[in-house]
Structures are given as C-alpha cells and as structure tokens.
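Notes for the one structure printed next.
The values are calculated or read from the model by the stated rules, or taken from the named source; none is laboratory data. What you see is a predicted model, and the numbers here were worked out from it, not measured in a lab. Every residue, glycine among them, receives a Cβ derived from its backbone with ideal geometry; neighbour counts consider all protein chains shown. Accessible surface is based on the protein model in full, side chains and every heavy atom, while ligands, DNA and RNA are left aside. Shrake-Rupley method; radii C 1.70, N 1.55, O 1.52, S 1.80 Å.
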Amino acid sequence: MACILITGGTGFIGTTVAKELRSQGHKVKLMDLSTKRKTDPNFYGGSILDPYRVSTVMRGCDYVVHLAAALGVRRTEARRLECLYINIEGTVNVLEACVKENVKKIVFSSSSETYGNQNKSPITEKSPVNPISNYATTKLVGEEYLRAYYENYHLKYSIVRFFNVYGEEQKDDFVIPKFVNSICEKKPPVIYGNGKQVRSFCYVSDAAKGIVAALFGENSTGEVFNIGNDQQPISMQELAEKIVSISGEKDIVPEFIPMEDSDRTKEREVFNRIPSIEKAKKMLNYHPEISLNEGIRRVIEYKRSLNEK
Ligand SMILES: NC(=O)c1ccc[n+]([C@@H]2O[C@H](COP(=O)([O-])OP(=O)(O)OC[C@H]3O[C@@H](n4cnc5c(N)ncnc54)[C@H](O)[C@@H]3O)[C@@H](O)[C@H]2O)c1
C-alpha cells in the first residue's frame, strides 16, 4: 500500500482518481483549494501557490498525482495571469516539494490542447506540439519543468495528455454537461460554428484508470501518454443529436450560433481532435471500457436526479 497525494483532489477527475486508488488499497490525501469534500478525513485545504503548505501536506507521501490547475477556455483566457501562476508556478511548487519530500514519482495531467490543430489524425504522442491557447502553453511549460526536474533532481515522472474527459460531475461549462443541462430544461443544445468540429470523448473512470496505470506502469517513467477513448469520434452536431435521442426529448432540435458569439474565437478553435491511444494500450494495458452512449446515459440520469431534488 502506498500513500498518494492528489493535488486538485476534490475536482472532477481527482475525485474519480481517488476512488480508483482507494479501491486498489492505497492511502490517498486530497489537496485542493475547493472545500467541497472537506468531510473526507484525508482532505487538506490549501493552494499549490503556497510552497510551505504543499510540502507539509506531501510529507510522508510516496507518489503525487498533480491535477490542480486553472482550466476552461473562457476562464483561462479571461484570467491569463491566474492561469500562468497556478499552472506554471503552482506546478513548480509541487515539483520542489516532491524533491524535498523524497517522492518516488509524479504524474502530471497535461492536455490534448498542447497539440492544437494537426494535419494528421489520429494524434499520436509523436505529433508535434502546437499550442494555440494560453492554457495549452502553460500545460506545455509544466511538461518541460517535469523533464528538467528529472534531469537535474532525478524526480521520476509520467505525463498524461487527456482528451475530452467527461462524466456526471464535470463543470457545467464543458460541452456534454452543457448540452445535457439544456435538454433537461427542455431547451435546444447550442452548437458553436457549423457543428463539424470532431472530438472523441472519454468517460472519467476510464481516464482515472489511465492516470493510475501511468503512475505504476513499468517503463512508464519519462513517457508521455495520450489518455482518451478512440472508439467513437463524433462531430458536435452528431453529439447534440445523440444526447437528444438518448434523452428521449425528440422534439428538441439543436441550435447553431456563430463561433464569434461563443467563448472560442475561430483562431483558437481546434477542429479535429482524435487520439491515438496505441502507446497507452501497449505500455499500460489501458483499454477504455465505457461507451459514449453509456456515459451520456449516466450524465443524463445524474442531471435529472439533481433537478428532482
Ligand atoms: N476534464 C478534461 O477534459 C481535461 C482535459 C485535459 C486536461 N485536463 C486536466 O486534468 C486536471 C483535472 O481537471 P478536471 O477536469 O478534474 O478539473 P477541475 O476543475 O474539476 O479540477 C481541478 C481542481 O484543481 C483545484 N485547484 C485549482 N487551483 C488550485 C490551487 N491553486 N491550489 C489547489 N487546488 C487548486 C480546483 O479547485 C479543482 O478542484 C487539470 O490539470 C486539467 O488541466 C482535464
């Protein structure tokens, strides 16, 4: 049994990673700014911008899963400095604490956004990085710091680049919860642009299994892994139609608004993002299990149960 600190541990993905690690018998500490799970006996409030607090909470931990971050396109563009501080300075504070507290290994949650727009699909870990947003740039800098700490201080690491993770407790400003919320309110889901942007969605329990596999995988040190689900790439229009169909609200028809009126500008929109997960399959025995239909069904059920309360 190992002791693992999860930064951002009460967030959407962090909560599921904690569940997965605990189910394997590990002790898990959750560090987060948000006090949403303060009743968890192993919850430690605090910011990764406070190096002393990070070290204190990390003391005695064997491993670190670093998920704390500023994210969301609208938020990270509107609060660029906050994004820089949390995602870069915060990450360096976590790395410093890892060295000081003799942590065996850290896993860092990076993003498919680091690839930006690519000519070739699916995107492999060998595809060139091409960040086109403030957020993506901070994630890439975080990755480079991990490499530097490995070279200089022998801190072992793996990097996972998540591709469109979704699930019941994801924040409402991401596309699947947004579409589902609209439909639960009997309103049309709103699609930005022409609806032809393609994504490949990964249910949160699969993403959590991926990050845990990267943490413990033999030969995973120093490696980058795409973690997503390659099974069902789907355009935004098809996604909206699928959610309408699964919900049974057959009279609702998706609505389109110009990209200019959305929280993404045309220049920053990524049009096609499908992962190759062959490397994770081979090296980590990572095989996503939850189909898009099943994941969407779970999100709809969850949102409806909230509305009934
Ligand atoms: N959800 C996705 O599709 C996706 C895709 C790519 C990458 N990621 C990455 O995965 C990680 C987890 O994302 P998530 O979807 O669970 O988001 P989330 O917002 O639910 O979780 C992030 C957590 O970090 C915490 N946090 C923020 N600033 C902090 C600070 N200064 N100190 C301590 N805690 C702080 C937040 O309170 C939150 O609980 C992030 O690093 C994100 O960039 C997520």
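Out of Gln170, Gln24, Gln197, any idea which swings most in a Gaussian network model of the chain, alpha carbons joined below 10 Å?
Sorting by GNM fluctuation, first place goes to Gln24.
Dividing the alpha-carbon radius of gyration of the chain by 2.2 N^0.38 Å (N being the number of residues), what value is obtained?
0.98
Only Cα pairs within less than 10 Å get springs; with that Gaussian network setup on the chain, which residue of His287, His66, His26 has the largest fluctuation?
His26
Compute the accessible area per residue over the stretch 132-239, keeping the other protein chains in place, probe 1.4 Å, unit Å².
Counting only protein heavy atoms, the per-residue value for the stretch 132-239 is 39 Å².
Students sometimes get this wrong: rank Glu308, Glu223, Glu185, Glu113 by accessible area, probe 1.4 Å, all chains present, largest first.
Order by accessible area, largest first: Glu308, Glu185, Glu223, Glu113.
For the charge dipole of the stretch 145-204, defined by +1 on Lys and Arg C-beta atoms and -1 on Asp and Glu C-beta atoms about the Cα centroid, which residue among Tyr192, Asn164, Tyr150 has the Cα displaced farthest towards the positive pole?
Final value for the positive-end residue is Tyr192.
I'd like to compare 157-165, 72-80, 57-65: which one has the highest average count of other Cβ atoms within 10 Å, and what's the full order after that? Present the calculation step by step, with values, prior to reporting the outcome.
Working: 157-165: 23.9, 72-80: 15.9, 57-65: 20.7.
Top of the packing list down: 157-165, 57-65, 72-80.
Restricting to Cα pairs below 8 Å that are 6+ residues apart, what does the relative contact order work out to for the stretch 179-309? Please round to a whole percent.
41 percent
Using a cut-off of 12 Å between beta-carbons, work out the net charge of the residues near Cys61 (Lys and Arg +1, Asp and Glu -1, Cys61 not included).
Value of the local net charge: +4.
When the accessible area of the chain is split by element with a 1.4 Å probe, what percent falls to carbon and sulfur?
Ligands and nucleic acids excluded, carbon and sulfur reach 50 percent.
Give the residue from Val204, Ile246, Ser55 lying farthest towards the positive end of the charge dipole for the chain; charges sit on Cβ (+1 for Lys and Arg, -1 for Asp and Glu) and the dipole is referred to the Cα centre.
Ser55
Find the all-direction average of the projected area of the Cα convex hull for the stretch 31-105, expressing the result in square nanometres with one decimal place. Could the numbers behind the result be given before it?
Numbers: hull surface 20.7 nm².
Over all viewing directions, the stretch 31-105 projects a mean Cα-hull area of 5.2 nm².
Assign unit charges at the C-beta atoms only (+1 for Lys and Arg, -1 for Asp and Glu), then state the dipole size of the chain relative to its Cα centre in Debye, rounded to the nearest 20.
In debye, rounded to 20, the chain gives about 460.
Please state, as a whole number in µm²/s, the translational diffusion coefficient that the Stokes-Einstein equation yields for the stretch 147-213 at 37 °C and 0.692 mPa s, with Rh defined as the Kirkwood radius across alpha carbon pairs.
Rounded, D is 222 µm²/s.
Pick out the long, greasy-scoring helices in the chain: whole DSSP H runs spanning 27 Å or more along their own axis by Cα, mean Kyte-Doolittle at least -1.0.
The answer, listed by residue number, is 134-153.
Over the chain, with a Gaussian network built from C-alpha contacts below 10 Å, which listed residue (Asn117, Asn285, Asn93) shows the highest mean-square fluctuation?
Among Asn117, Asn285, Asn93, the largest GNM mean-square fluctuation belongs to Asn285.
One-quarter of the Cα convex hull surface for the stretch 102-247, in nm²? Before the final figure, lay out each step's value.
Values: hull surface 40.2 nm².
With every direction weighted equally, the projected area is 10.1 nm².
Relative to the present Cα-Cα distance, how much length would full extension add between Lys309 and Tyr153 at 0.36 nm per residue of separation?
51.0 nm
Would you kindly calculate the mean projected area, averaged across all directions, of the convex hull enclosing the Cα atoms of the stretch 90-173, in square nanometres?
7.0 nm²
Taking H as built 1.01 Å from N, whose amide H comes closer than 5 Å to the amide H of Tyr192, not counting residues under 5 places away?
Ile257
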